[in-house]
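Notes for the one structure printed next.
Every read-out reported here was derived from the displayed coordinates using simple, explicitly stated rules and does not represent laboratory data. In this text, all values refer to a predicted model and were calculated from it rather than measured experimentally. Virtual Cβ from ideal backbone geometry, glycine too; neighbours counted across all protein chains shown.
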Amino acid sequence: MTTRAVVALGSNLGDRAAWLVMAHAAISLLPSTSIVAASSIEETAPVGGSAQGPYLNQMLDLACALAPLALLEALQAIERRLGRVRRARWGARTIDLDLVRYGTTAMQSRVLTLPHPGLATRAFWRRELAELDAMSRRVE
């Protein structure tokens with residue numbers, strides 16, 4: 001059985017658009033996962049207040065049979081393959097992949113909180129999610 005999962009992509013180092021394309025391609029190859037829709041790409045100011053360049057952001061709507069923690073581990077493996085180095089919280093990065101929603105799952109663990117707590121404070125995520133929701137309604 002598949003669940004609708006939503007993943008946020010972000011990049012603010014190097015060729016930001018290329019990082020998004022590479023992440024999109026890598027996610028499309030995950031087992032038991034298919035990309036159903038992709039939001040528009042938008043440029044946003046960094047979150048967290050540290051001095052760094054703007055981000056390109058996008059959300060993907062997935063049909064996924066992986067469990068939430070397995071999906072998170074797969075996304076983090078993609079980040080590592082694409083050169084993501086975790087130095088400072090809220091720091092600049094080649095690629096950031098956040099599991100934002102996983103169906104109606106609500107959970108909080110040491111490594112994963114669903115839905116992602118950033119949904120409450122990131123207007124660009126709410127816009128992108130609304131765009132994905134509108135796309136899914138057109139398909140139904």
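As a calculated quantity, the FRET efficiency between ILE35 and ALA120 at R0 = 25 Å, using C-beta atoms, amounts to about 0.45. Residues whose amide H comes within less than 5 Å of that of VAL100, counting only those at least five positions distant or on another chain, are VAL6, VAL7, ALA8 (H built at 1.01 Å from N in the peptide plane). Sites count as exposed loop sites when they are trypsin sites (Lys or Arg not before Pro), lie in a DSSP loop, and have at most 14 other Cβ atoms within 10 angstrom; the longest stretch of the chain without one is 1-85. Annotation: extensible slack from MET107 through ALA70 equals 11.9 nm (criterion: 0.36 nm per residue apart, minus Cα-Cα distance). Test of understanding: in a Gaussian network model of the chain with alpha carbons linked when under 10 Å, which of GLY103, GLY48, GLY14 would top the mean-square fluctuation ranking? Looking only at GLY103, GLY48, GLY14, the largest GNM fluctuation is found for GLY48.
Looking at the square roots a ≥ b ≥ c of the eigenvalues of the Cα gyration tensor of the stretch 36-77, which shape do they give, rounded for a/c under 1.5, prolate if a/b is larger than b/c, or oblate?
Oblate shape, in that a/c is at least 1.5 and b/c is the bigger or equal ratio.
The C-alpha atoms of the chain define a longest principal axis, and helix 68-81 lies at about 40 degrees to it.
The structure shown yields Cα extents along the principal axes in Å, and of the options [x] 42, 28, 28; [y] 41, 34, 25; [z] 52, 28, 25 that calculated value carries the label [x]. Model label points for ARG81 and ALA45, set 7 angstrom from Cα along the Cα-to-Cβ axis, are 3.5 nm apart. The 3J(HN,Hα) values that the Karplus relation (6.51, -1.76, 1.60; θ = phi - 60°) gives for the stretch 115-126 are, in residue order, x, 4, x, x, 4, 6, 10, 9, 4, 5, 5, 5 Hz. Gly and Pro appear as x. Nearest 10 degrees, 0 to 90: what angle lies between the long axis of helix 16-28 and the longest principal axis of the chain (Cα atoms)? Here the helix axis deviates by roughly 30 degrees.
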